[in-house]
Structure formats: C-alpha cells, structure tokens
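Coordinate-derived values only; no laboratory data. All of these numbers come straight from a predicted model, not from anything done at the bench. Counting neighbours? That spans all protein chains shown, and the Cβs are built from the backbone with ideal geometry, glycine included.
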Amino acid sequence: MILPILRYGHPVLRRKGARVDEITPAITELAANMLETMYAAAGIGLAAQQVGQPLQLTVIDVRGVKDRPSTLDLAGQSSDVAGLMPLVLINPAITPVGPPVAGPEGCLSFPEIYQDITRPESVEVAAINAKGEPLQFKAGGLLARVIQHEVDHLNGILFIDRMSAQAKEAMKPELEALRAATKAAREKE
C-alpha cells in the first residue's frame, strides 16, 4: 500500500524514532509499504518518520542510480551492492569513516529542493534487517550518503539542517512556501 509522504513542516519529521524491539507483522507490513511508497515516488530512501511513524526504521534501494556509484564491504570483502537491495535497516547505528565530501541530495519530504551536502564518504553500519537478523557492513559513495541522510531522519534531523547558512538563506522562500503549504494541508485534515 502506498502511504502519504509527510512534507517539510510536519512535526513528526522532527521526532526521534523509537527503537523497534520486536519484528512484528505490523513492522514487516510497514517496511513493505514503505518500499512500495518509495518506489512510487521514485525515491532511493525513505524513513518511517516520512510516513508518520516515528520509529527507527528506514528502507533504501540505490540500484536505479547509475551515475553515482556505491560501494559495499561485507565482512571485509568488496560485495555487489545490488545483492543487498532493497535494504531495510532497523535500529541502525552508523560510524563515519573517511573524509567528508560534498554531494547533491534531495528528499521526498522536500519536493524539487536539492542542495550539496557535506558528509563522510563512507560509513560502517550495524542494524537488524526485516527478518530480525543482525546486519553489519561498510558502505561508500551514494549508498553511504543515503544511509546517513535516512539515519538523520530517524533522529529528527533534516537535510536542510546540514546545508550551509548561505544555501539555506538562498532557499528560504521555497522552504517557507513548503512549510506554509504543509500547515494549510494539516489544517484541512
């Protein structure tokens, strides 16, 4: 089922997600619905907060992006990124590795807004998957960027919080218009 994606200005986007202590049928269904929603919106990552569920759960699939490579190391071995996709991360913990690099980012909660964001080029990830199994790997390139973006969402941090002050100031009219539209839509609910 395709779920509505919350837009900038909705308070749930600023909520830190609760830990998922048990993989229940509801969690499994939420992850499946989030994947369907992400694909329908042509996204490559979606956090539970973006569909109104403040939980430590995110879904990712970078297979469709050919111009921004990703790397994956499983147990110290270089692995095929596609083999891990689609990726469901529950209660993820990340450790930044490598120097910071700037790269373009967008967000399904900020339609048509893009900006270069500086993040570490690689991350080590520990999480559980949709089956409740532990998952550990090192990601680089686009996959690392998406994981960091989504983990920020799980902690109530938005990509605009990572923009330079100048970039955020330049985008102020678009951000204010989006926030106002979200507020107006919520008042009609």
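So the values come out like this:
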read-out	value
His153, His10 arranged by Cβ crowding within 10 Å, fewest neighbours leading	His10, His153
C-alpha center-to-center spacing [the stretch 93-125, the stretch 25-66] in angstrom	17 Å
Mean Cβ count within 10 Å, highest first, over the residues of peptides 122-134, 31-43, 48-60	48-60, 31-43, 122-134
Furthest towards positive pole of dipole, Ala181, Phe110, Pro100, structure part the stretch 11-188, Cβ charges	Ala181
Average Cα contact separation per residue, the chain, under 8 Å, 6 or more apart, as relative contact order %	26 percent
Cα-based Lys proximity count in the chain, under 28 Å, for pairs eight or more positions apart or on separate chains	10
Sites Glu189 and Asp67, calculated FRET efficiency, Cβ-Cβ separation with R0 35 Å, nearest 0.05	0.35
Those trypsin sites (Lys or Arg not before Pro) in the stretch 1-60 that DSSP places in a loop and that have at most 14 other beta carbons within 10 Å	Lys16, Arg19
Cα gyration tensor category, rounded, prolate or oblate, for the stretch 1-64 with a/c compared to 1.5	oblate
Compactness of the stretch 11-188 as Cα Rg over 2.2 N^0.38 Å, two decimals	1.02
Estimated inter-spin distance, Ala32 and Ser78, nm [label 7 Å along Cα→Cβ]	3.7 nm
Cα-centre dipole for the stretch 11-188 with unit charges at Cβ (Lys and Arg positive, Asp and Glu negative), debye to 20	420 debye
Contact order normalised by residue count of the stretch 54-148, Cα under 8 Å, 6+ apart, percent	31 percent
